[in-house]
Amino acid sequence: MSEALSLGEPADEADWRALVEQGLKGAPWSRLVGKTADGISIEPLYRESNVRTASDEAGFPGAAPFVRGVRDGAWVIRQAYDHPDPERANRDILADLAGGVGGIELVLGDDGVAVRGAADLDLVLADVILEAAPVSLDGASLATATMLEAKLRGVAAAGTAFNLDPIGALMRTGVWSLPDMTDACGFAERLRGALPTSTSLRVDARPVHEAGGTEAQEIAGALSSGIAYLRALTSDDGLSAAEAASTLSFAIAVGPDVLVETAKLRALRLCWTRVMEASGAPPEARAAHIHAFTSRRTMTRYDAWTNVLRVTTAAFAAGIGGADAITTYPLTDALGLQTPFARRVARNTQNVLLEECRLGHVADPAGGAWFVESLTSDLADKAWTLMQDIEAKGGIVASLQAGHLQHMVVDARAARELAIATRRENITGVTDFPLLDAAMPEFEPRHVAPSPQNGIALAPMRLAGPFEAIRDRAEAKTPRAAVFFATIGTLAAFAPRAQFARNLFAIAGVGSIGAEDTHATADALVDAFRDSGARVAVIAGTDGAYAEHAENLAQRLKAGGAAWVLLAGRPGESEAKLRAAGVDQFVFTGIDAVKELQTLHAALGLAP
């Protein structure tokens, strides 16, 4: 073997770090260290020393502590159906089953399928082979769960999930019903004997996620909810811990941050195993059955086609994270009801991951990766601490009634919204690379029923919501409001800042005039501004050009009829002089874009 091909000496971490620090040119090492929403450090390099792989605490696939998953082979593709018309919902279900879907998530309630009695349920599930396509209810009442139970008598429908969830109802509505809890647990105890291969209760972490919570908060909420159900089911000589756990399934939302979300599912299983161990359940009964749903808070209305990528990466994370069933929401989810095309893309996303990427053929594909193993452990530790805090306050119900968990989630939501507003976190098509006048995908409007939430409910949000609200106001105006670009110097000189400002304004639905035009003289520039008909102008150029021309240009633009003048770039020590000359606003990297774009809208007459 030649010297060039020889492996040589093992790489030395100290040498690597020295080279990296040289590249940082004096910047602190912390610049390379990221943070999750829970404050967990994400290091630039992970080694075997970061995890205890020699002892392999994750165990074997299918065995306690179930970090590496429970399922044997592929997950279940379980799509959601929420069209209010039972007949239309049935057509959607049959079409998807023919296209590769293996399970049905039947959404009920005011925002779901209108199942008012057994006849409606029969219509929704007409011609569905329940043995081959098990039904999972979302938003089920005791009445609808009982109706489904009656329909399944004599049917070997393994995997049916009735999903009664009074704690989840408390999270969503702020209303607690002890009778509903009693009825749900009674139903679970009775069904344990009648349909032992089905689950009766859902432990739902989605309300925490969709309200803006962190990964550890989601896990902690799920753990405390599961503990509450275990206590209720095992009290008064009821079920054993193992029997009680078999009636539960977990629902968890998964976003597009692949490795973080992968670690989240693994950490949930690790923590639940600890709960079951403490409850006295045998090792084989300590597994958490997880149904993953792609995150709805990450979906966008503008440039909705990018949702295909978000859903794909989220489903990928759920698959390699060991989810037992996955629901992928369609690209139009934030716009309205599902169309046949949107449903086809959603289900085929999973078909490609299973059949072409063959993700279901590998157990725990991320396992052994030092970063994933380390993050799994860190998330589990953080979530366990939060769960203990919830339990110390009386458990999940008491915590929710006191607003304890909600306060944690609100703080996490505010931090995330600030990161997005300042564009430290990006939403493609909304906060970055927006497309004006892009065609929307077809969708059917959805009737959104008024939510019966009170002040302690975990209100859902979408990360793109604040920016979309701003853009909505601009899109409602015809012709489109636009800003004139008062560019200084050559295209090569002003292009970076002009492009930054152009992209920023497009986020707010505001067009650009002359963003690539050059002007021979200041007189020609001001004449072009007058001819544009715009009332707002933005000065774009280099710092050197600003020092020489910006004050005079601002004065001339104001004299030429500009009602509002912006400057693209940080003003630095010249801010007072520039404002005195007529510059009203400065836009640059790191600003609160929501606040600044609302200010721009006011200048354009678009304020609400």
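Annotations for the structure displayed:
To keep it simple, each residue is scored yes or no on (1) buried (at least 24 other Cβ atoms within 10 Å of the Cβ); (2) over 16 Å from the mean Cα position of the chain (by Cα); (3) small (G, A, S); (4) not in a helix (DSSP H, G or I).
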{"position": "K264", "(1), (2), (3), (4)": "yes, no, no, no"}
{"position": "E277", "(1), (2), (3), (4)": "no, yes, no, no"}
{"position": "E284", "(1), (2), (3), (4)": "no, yes, no, no"}
{"position": "A287", "(1), (2), (3), (4)": "no, yes, yes, yes"}
{"position": "A323", "(1), (2), (3), (4)": "yes, yes, yes, yes"}
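- Test for L137: is it at pLDDT 95 or above, under 15 Å from N90 (Cα atoms) and outside any loop (DSSP other than H, G, I, E, B): yes
- Residues of the range 203-250 satisfying the condition of being in a helix (DSSP H, G or I) and touching a strand residue (DSSP E or B) at 6+ places or on another chain (Cβ under 7 Å): R206, H209, E210, E218, A222, S225, G226, Y229
- Failed condition for P441, given (1) modelled with pLDDT of 95 or more; (2) in contact with a helix residue (DSSP H, G or I) (Cβ under 6 Å, 6 or more places away or on another chain); (3) buried (at least 16 other Cβ atoms within 10 Å of the Cβ): (1)
- Scanning the range 363-417 for residues that are among the basic types (K, R) and part of a helix (DSSP H, G or I) returns K382, R413, R416.
- Identity of the residue in the range 466-481, without any contact (Cβ under 8 Å) to a residue 60 or more places away in the chain and in contact with a strand residue (DSSP E or B) (Cβ under 9 Å, 6 or more places away or on another chain), that ends up surrounded by the fewest Cβ atoms within 10 Å (Cβ to Cβ): P479
- Any chance A554 is surrounded by 15 or more Cβ atoms within 10 Å (Cβ to Cβ), out of contact with any Leu (no Cβ under 9 Å at 6 or more places or on another chain) and of a type in the set (A, V, I, L, M): no
- Scanning the range 205-223 for residues that are out of contact with any Ser or Thr (no Cβ under 7 Å at 6 or more places or on another chain) and either under 21 Å from M299 (Cα atoms) or of a type in the set (S, T, N, Q) (or both) returns A205, R206, P207, V208, E210, A211, G212, G213, T214, Q217, E218.
- Qualifying residue in the range 401-417 (condition: surrounded by fewer than 22 Cβ atoms within 10 Å (Cβ to Cβ), under 21 Å from T173 (Cα atoms), β-branched (V, I, T) and modelled with pLDDT of 95 or more): yes
- Output for the range 514-535, where each listed residue is surrounded by 19 or more Cβ atoms within 10 Å (Cβ to Cβ) and either part of a loop (DSSP other than H, G, I, E, B) or in contact with a strand residue (DSSP E or B) (Cβ under 7 Å, 6 or more places away or on another chain) (or both): G514, A515, L525, F529, A534
- Cβ pairs under 7 Å, 6+ apart, first in the range 188-201 and in the same structural domain as T247 (by TED's automatic domain parsing), second charged (D, E, K, R) and not in a loop (DSSP other than H, G, I, E, B): L191/E149; R192/E243
- Test for F586: is it closer than 30 Å to L418 by Cα, modelled with pLDDT of 95 or more, of a type in the set (F, W, Y) and not in a loop (DSSP other than H, G, I, E, B): yes
- The range 591-608, subset of a type outside the set (A, V, I, L, M) and modelled with pLDDT of 95 or more, residue nearest to E425 (Cα to Cα): D592
- Filter result (without any contact (Cβ under 8 Å) to a residue 40 or more places away in the chain and either in a loop (DSSP other than H, G, I, E, B) or not small (G, A, S) (or both)) within the range 44-53: P44, L45, R52
- Members of the range 482-506 found to be among the β-branched types (V, I, T), buried (at least 17 other Cβ atoms within 10 Å of the Cβ) and more than 20 Å from G605 (Cβ to Cβ), listed by number: T487, I488
- Tabulated pairs, the range 483-497, first on the phi > 0 side of the Ramachandran plot, second part of a helix (DSSP H, G or I) and of a type outside the set (D, E), C-beta under 7 angstrom, 6+ apart or interchain: G489/A545
- Single residue of E391, E442, E475 found to be in contact with a Ser or Thr (Cβ under 7 Å, 6 or more places away or on another chain) and over 30 Å from I42 (Cα atoms): E442
The values are calculated or read from the model by the stated rules, or taken from the named source; none is laboratory data. Treat the numbers as computed from the prediction; the structure is a model and nothing was measured. Backbone-built Cβ (ideal geometry, glycine too); neighbour counts: all protein chains shown.
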